[in-house]
Amino acid sequence: MKNGFIFLVGLFAAIAMSWGGIVLGTHAQLGSLTPYYDDTEGKSFPERTTGLAARGQLVYADLGCAACHTQQVRRPDYGSDQARGWGDRQSVARDYIHQARPQLGASRIGPDLTNLAGRKPSAMDSEDLMKLLYVGSGTHPSYKFLFVEKQIVGESSARALRVSGAGAVAAGHEIVPSERAQTLVAYLLSLNTAYDYPESRPLPPPAKAAPAAGHAETHAAPAAKSEMKQEAKK
Amino acid sequence: MTNDSTHATSAEVTAIDSQARGPLCVLLASGLAWLVISGVLGVITSIQLHTPGFLADCSFLTFGRAQALRETSFLYGWIANSGLAVALWVLGRLGGSPLRVLNWAVAGALFWNLGLTIGLIGIGTGDMTSFGFFQLPRYVQPLMLIAYGAIALPGVLAWSGRRTSGLYASQWYGVAALFLFPWLFSAAQIVLLWAPLRGTLQAVAAGWYTQSLWSLWLAPLALTGAYYIVPKVAGRSMPSYDFSSLGFWTLVVIGGWTGGRHLVGGPVPAWIATMAVVACSMMLFHYIVVALNLRIASHGSGTAIRFIRFGLVAYSLTGLLDALSSFRGVAVEWQFTLLATALEQLGLYGGISMMIFGGIYYMVPRLTGRPWASGALTSGHRVLVSLGVVLLIVTLAVGGWTQGDELLNPKLGVGTIYTQLKLSLMIGTAANVALLAANLFLLVNFIRSAVVCCGTSAAAESAFRQPAALEAHAS
């Protein structure tokens with residue numbers, strides 16, 4: 001390594017290879033992924049998010065919600081994501097193609113939010129979310145700066161929060177969600193991955209009769225195969 | 001308590017050192033100031049973890065933002081400034097002549113820190129990018145890229161104009177760190193900020209950046225100092241030195257391919273994760289070579305070598321646990337938990353920062369020509385920071401282990417799991433307070449040492465000797 005020029009070329013080649021392989025490689029594979037057109041439903045999935053929800057995603061990103069919440073459901077036999085009701089199927093790349101800034105997240109201090117609006121049997125509605133954001137809970141901070149407390153002049157606002165107890169305000173006053181709170185909640189309510197793409201269909205449950213049903217290997221093998229099939233399709 | 005390696009007899013202060021004193025002290029002072037700032041933010045985020053209501057109403061410091069601020073000031077404030085100071089100094093010494101164009105480094109440092117300050121204000125007001133290790137807002141990134149070039153210039157010139165014929169391991173690492181950061185920083189900027197990739201490809205590119213930053217910048221910066229100082233303090237030649245180039249190229253060539261380590265089971269092509277498993281395991285070769293080369297660190301005595309010894313153990317452990325945690329069977333439990341945070345802290349604080357601390361303790365007396373101002377502050381820093389790091393990592397790891405285990409059990413709600421973590425998280429706050437106190441000691445000690453030196457710089461200047469041959473051969 002006495003030749004400085006060759007040394008630098010080597011360094012450059014190393015970084016270029018990994019960048020080319022990982023970044024350009026996946027771009028070549030998935031960069032042109034298109035929405036999936038469903039003949040029976042007569043429309044494409046994933047559906048585009050509304051302008052309000054798209055702005056809400058920016059609020060989600062700039063507040064750093066991803067520090068505690070993931071937005072990626074792992075496949076049914078990998079972790080307990082499905083059993084927790086976070087989603088019936090794994091998240092796939094196609095779910096995110098319309099998102100300007102996918103918020104996959106890396107920490108699950110709070111629950112996963114991939115399919116927040118599609119939870120069964122009942123999902124949180126706008127009022128629940130507003131209250132959680134305003135009042136907080138033992139496990140969730142209250143973000144009062146997303147709301148405005150103001151005096152009621154004339155009729156009270158249709159958007160005013162009905163809070164009692166800890167978050168209640170003085171008589172004659174009301175709590176109104178700011179525009180940011182409204183977009184954030186619109187975004188959270190747009191998080192729904194109910195549609196099944198061909199590549200995301202839940203794996204067939206492992207045959208119960210199989211003698212080694214308790215072994216992880218028997219689950220993993222079909223999983224790996226189907227992953228390969230999906231890759232081949234792409 | 002002070003001892004040999006933190007003292008520099010006046011005979012050891014060379015022209016190379018005395019001319020670099022001012023500029024390198026600027027870098028070090030900014031690095032230590034950022035370390036204290038990130039320490040304050042570390043305390044805030046760790047309190048927020050167990051008491052979610054803490055400062056929640058302050059929109060600048062929601063947990064997500066405070067976390068991004070802490071991480072950014074730690075990486076781009078502390079490690080960048082101090083790591084570059086150590087690397088420049090080592091490259092200057094091994095180049096055999098005084099560092100040139102140090103004015104550029106000073107100007108670069110000023111603009112780098114200006115950019116970082118604006119960037120942090122940007123994060124606080126909602127402009128963060130939401131990519132890990134890459135949170136700085138788009139508008140300061142080009143400025144920081146240019147400023148980085150200015151800081152790195154003296155190091156590159158010292159290397160290209162070196163008077164010695166061969167290259168030493170610390171030079172490879174130093175030059176690699178200086179040369180590669182602008183490439184990966186700009187490559188990430190293009191695909192994430194200027195012409196963003198589509199959907200989850202952003203996560204893939206962000207993963208590539210995070211892991212490349214680790215293996216092509218953070219690790220080389222720390223190893224530059226370690227490879228230079230360890231043989232000098234231990235007073236022995238480096239064992240298995242022939243392997244060191246293989247270890248170096250393994251890190252550089254394989255490092256970037258570990259990018260999918262955190263995307264196991266995610267909505268990205270499965271080969272990304274598989275590649276990361278393979279790459280993380282291959283990287284073990286690098287960690288083994290570093291451990292073999294630097295095992296002589298067990299011999300020397302003194303503050304500097306003690307820090308580096310701690311750093312090397314943590315660094316090797318990081319490599320081992322990285323490889324282990326990349327496997328799918330392990331990742332299913334460790335992913336998304338505090339164990340991932342513990343592992344990150346093990347690498348960044350236990351590994352990289354401790355090695356840089358060692359470098360600082362070795363370098364400052366040689367820059368100033370005097371021992372550290374206070375032995376008590378030196379040993380206070382060493383004891384507190386070691387305790388703090390161990391406590392932080394152990395509590396996060398224990399908490400993360402239970403969290404990972406319980407997350408696999410769908411009957412336990414996420415809220416319940418979180419509530420059970422509170423004890424670990426509270427001990428984590430204590431660890432963060434200890435770290436903050438320790439780093440305040442270091443900052444005060446550094447300021448006192450630097451101020452004393454400035455008052456009597458003329459006396460120290462006269463104390464140098466002709467050094468090149470002696471300084472250049474040890475690495």
Under 5 Å, built H, 5+ apart or other chain: amide partners of A:L191 = A:A117
Spacing of the two label points (7 Å from each Cα toward its C-beta) at B:S245 and A:A194, in nm = 6.4 nm
For residues of B:338-347, the mean tally of beta carbons on other chains within 10 Å = 1
Please say if the protein assembly as shown is rounded, prolate or oblate, where rounded means a/c under 1.5 for a ≥ b ≥ c the square roots of the C-alpha gyration tensor eigenvalues, and otherwise the choice is prolate for a/b larger than b/c and oblate otherwise?
-> prolate
Inter-site label distance for B:R236 and B:T402 at 7 Å from Cα along Cβ, in nm = 4.3 nm
How far apart, in nm, are the 7 Å Cα→Cβ label points at B:L387 and A:E127?
-> 5.3 nm
Within 10 Å of each Cβ in peptide A:106-116, how many partner chain Cβ atoms are there on average? Round it to a whole number, please.
-> 5
Residues whose built amide H sits under 5 Å from the amide H of A:V148, excluding neighbours closer than 5 in sequence, are A:V176, A:S178
Rounded to whole Hz, the Karplus (6.51, -1.76, 1.60) HN-Hα couplings of region B:19-29, x for glycine and proline | 6, 8, 4, x, x, 5, 5, 4, 4, 5, 4
Projected onto the charge dipole of the protein assembly as shown (unit charges on the beta-carbon of Lys, Arg, Asp and Glu, signs +1, +1, -1, -1), the Cα from B:A203, B:Q345, A:F12 with the largest positive-side position is that of A:F12
With θ set to phi - 60° and the Karplus curve 6.51 cos²θ - 1.76 cosθ + 1.60, what are the ³J(HN,Hα) couplings of region B:297-311 in order, to the nearest whole Hz, using x for Gly and Pro?
-> 4, 6, 8, x, 10, x, 5, 4, 5, 5, 4, 5, 4, 4, x
Once the Cβ-Cβ distance between B:Q420 and A:V169 is put in as r, and R0 is 45 Å, what FRET efficiency do you end up with, to the nearest 0.05?
-> 0.85
log₁₀ I(q)/I(0) of region A:1-153 at q = 0.08, 0.10, 0.12, 0.14 Å⁻¹, via Debye over equal Cα point scatterers, no solvent, to two decimals?
-> -0.38, -0.55, -0.73, -0.90
When the chain is fully extended, how far beyond the present Cα-Cα distance does A:T40 get from A:K150, taking 0.36 nm per residue of separation?
-> 34.7 nm
To the nearest Å, what is the center-to-center distance of region B:298-345 and region B:186-229, using C-alpha atoms only?
-> 19 Å
Under 17 Å from the A:M17 label point (7 Å along Cα→beta-carbon), backbone N, region B:292-328 | none
Go ahead and run the numbers for FRET between B:A15 and B:V101, Cβ-Cβ distance against an R0 of 22 Å, rounding to 0.05.
-> 0.85
Please turn the phi angles of region A:48-62 into ³J(HN,Hα) values with the Karplus equation 6.51 cos²θ - 1.76 cosθ + 1.60 (θ = phi - 60°), one per residue in order, whole Hz, x for glycine and proline.
-> 5, 7, 6, x, 4, 5, 5, 5, x, 5, 5, 5, 4, 5, 6
Rounded to 0.05, the calculated FRET efficiency for the beta carbons of B:F60 and A:I6 at R₀ = 45 Å is 0.40
What does the average come to when, for each residue of peptide B:180-186, you count the partner chain Cβ atoms lying within 10 Å of its Cβ?
-> 2
Could you give the size of the charge dipole of the protein assembly as shown about its Cα centre, using +1 on the Cβ of each K and R and -1 on the Cβ of each D and E, expressed in debye and rounded to the nearest 20?
-> 1120 debye
Sorted by chain and then number, the residues having a modelled amide H within less than 5 Å of the amide H of A:Y36, at least 5 places away or on another chain, are A:F45
How high is the relative contact order of chain B, in percent, counting Cα pairs under 8 Å that sit 6 or more residues apart?
-> 23 percent
Report the extension gain between A:R162 and A:K120 in nm, rounded to one decimal, defined as 0.36 nm multiplied by the number of residues separating them, less their alpha carbon distance.
-> 12.6 nm
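No lab work stands behind these numbers, since they all come straight from the coordinates. All figures in this text were calculated on a predicted structure; none of them were measured in a lab. Because the Cβ atoms are built from the backbone with ideal geometry, glycine has one as well, and the counts that use them run over all protein chains shown.
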